[in-house]
């Protein structure tokens, strides 16, 4: 038996198919992954992501410490509640994990949300890196995270709040958060839709889940969460990136702030920025029948130029999409080998879907 | 829980076979198979006229989770395919034993059906799989 979130009994009650996910018993779907995917794109869904690790960083050096720890620059978080996405790198510029950091009341308190599969490694790394700083690092196992996502998500979350909570929620734009009582409400997510992630005491989470699902919010498993994030062009740690690649090889150059910013891995990234990254993470689209899947090889002519890192049938687009890591020099007509047969694909710039609509554009190359 | 109709014969590779009144054999994938695959998104069917040996690859079913080969449960010639599955692959999930059939075979030797599993035997195979 794996670890269980406070929502576990409600997943089972809802008929979820439970799977092991990084040592946790988590719902992969509740009947139809595709219907759950559509619910988020067209209406609203709720996903239990309490397996993710919440880490609070507080103390007078908190800002300086996180500027050292992260490739993105927390100095950009110039107001309470602001959030940013960042990779956490090793000295070689390899990606140890990706995370969201939220600023608290002052620049002496922050909250990180990191991946569950990397929890042990991350906590050790963060502790080791913090030794020269006056900060306290505290894991918050007492908290649950419920991601309510979809065009109608805000209305459903408002129904849970009093007037004060509603006004706080209405004041939020994407990548900001607010506290309400002992909840944190964050306009963040992993779906490419409008949405709220609620970080709240674990014991309060089941009642919130019950109220939202009773009001028509669809339970969404990790299967649909994966196709939603892939359509949104968002990387999955451990699949699309890991310690062997840098942000420049992972289509997240936008998360690297090199100006006036020293951090772990910066030296290596400055070198790579000058020399050029040897590989690129890019989008692939296949409009013919079939499904692109992780590890399928990608060819330019008879030359293998890389492989798919994540692939799926896109329920919104009704064809297959993928992220692939290719040699930087790969140009021309690309094809993917599926069970020994070549299938032409088109390279595109992710994201594939935003706010329910196709948004991908052909990459301009060779 | 998956259904295991008693009037069908089953292959360990999760196809079912039904002997029709006209002597042909209809083939599909089982309820247990569609449940473990999850939502089916594409189906590749054999061409009518193809001669298949028992246990030969006859097609592919692609779901949100994986691609799986479909095998002929007995030897024979493909006489019909369910072209509805090309546009509505979800039929395999909704009706695995009826509207979600894959293809029909004119069997070489109808006696080969006897080498397939009964519903009870197949259910045991599925239970053992889940234990692993």
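The values are calculated or read from the model by the stated rules, or taken from the named source; none is laboratory data. What you see is a predicted model; the values in this text were computed from it and never measured. Here the Cβ positions follow ideal geometry from the backbone for every residue, glycine too, while neighbour counts run over all protein chains shown.
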Quiz item: Would you say residue B:11 is at pLDDT 95 or above, away from chain A (no Cβ under 14 Å), over 29 Å from residue A:337 (Cα atoms) and buried (at least 21 other Cβ atoms within 10 Å of the Cβ)?
Solution: yes
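Condition check: exposed (fewer than 15 other Cβ atoms within 10 Å of the Cβ), more than 23 Å from residue A:338 (Cα to Cα), touching a residue at least 24 places away in the same chain (Cβ under 8 Å) and touching a strand residue (DSSP E or B) at 6+ places or on another chain (Cβ under 8 Å). Does residue B:23 satisfy that?
On the way: exposed (fewer than 15 other Cβ atoms within 10 Å of the Cβ): yes; more than 23 Å from residue A:338 (Cα to Cα): yes; touching a residue at least 24 places away in the same chain (Cβ under 8 Å): yes; touching a strand residue (DSSP E or B) at 6+ places or on another chain (Cβ under 8 Å): yes.
Answer is yes for this residue.
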Quiz prompt | Positions within region A:99-139 being in contact with a helix residue (DSSP H, G or I) (Cβ under 8 Å, 6 or more places away or on another chain), farther than 23 Å from residue A:252 by Cβ and modelled with pLDDT of 95 or more, in sequence order | solution = A:108, A:109, A:130, A:133, A:135, A:137, A:139
Quiz item: Looking only at residues in region A:287-305 that are buried (at least 19 other Cβ atoms within 10 Å of the Cβ) and more than 12 Å from residue A:335 (Cα to Cα), which one is nearest to the other protein chains (Cβ to nearest Cβ)?
Solution: A:291
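For region B:55-132, which helices (runs of 4 or more DSSP H) that fit wholly inside it have 2 or more residues that are within 14 Å of chain A (Cβ to nearest Cβ)?
On the way: elements: B:84-87, B:91-94, B:119-131.
Answer list for region B:55-132: B:84-87, B:91-94.
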